[in-house]
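Notes to accompany the following structure.
Throughout, read-outs are computed from the coordinates displayed, never taken from laboratory work. Given the structure is predicted, the values throughout are model-derived calculations rather than measurements.
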Amino acid sequence: MRKLLSPSNAPAACLKRRLLAVVAVLLCGLQTSFGGASPGDVVIIVKKANKVDSLSAKELKQIFSGEKGKWPDGGKIQTIAPSQAEAGHKTAIQFLFGMTEADYQKYTIHATFVGNTQQVPRDSGSSKAVVGLVGLVPGSIAFVRADVVNDTVKAIKVDGIAPGADGYPLAAK
């Protein structure tokens, strides 16, 4: 026979249901804002309000090298990057600059030394920290691991290909 809820165990059952609902909501919120990307993929993100949904590989290279400094609406572009220790950094540097990590380090030292810091994305620590910054800083763009993307930012397409889709150029190898 089924146990009926008595006044003494009703609050516990209600609390259990509420707790399960909260856990379900939290788990749903942990998923990325795009489907199909594996956690090892690198995604290009912008502030959610940015009107740009897709950039070509050429445009991304121009943006991250400092050759292109304005968005189509005229706003200033601010490039941000995770630290070299972050997973995916090597993939992004190879794609964006065509360099190894060692060559990129020399490049950043030289750019800093000669005063061309606009050619170097600002190193901002972990991918999670970068996502937080991009969500706050107008005009910002960054590359991060796919598994840390949340709803405060927008993952953009590269050459019209969404993260997780076949042919995505920054997919984990």
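Across all directions, the shadow cast by the convex hull of the stretch 42-158 built on its C-alpha atoms averages 6.4 square nanometres. Less than 5 angstrom separates the built amide H of residue 78 from those of 140, 141, all sequence-distant by 5 or more or on a different chain.
Go through 70/157; 76/157; 48/106; 68/128 and tell me which ones have a Cα-Cα distance over 30 Å in this structure. List each step's numbers first, then the result.
Working: 70/157 18 Å; 76/157 20 Å; 48/106 33 Å; 68/128 26 Å.
Those over the limit are 48/106.
Amide H contacts for residue 54 (H built 1.01 Å from N in the peptide plane; partners 5 or more residues away or on another chain; cut-off under 5 Å): 157.
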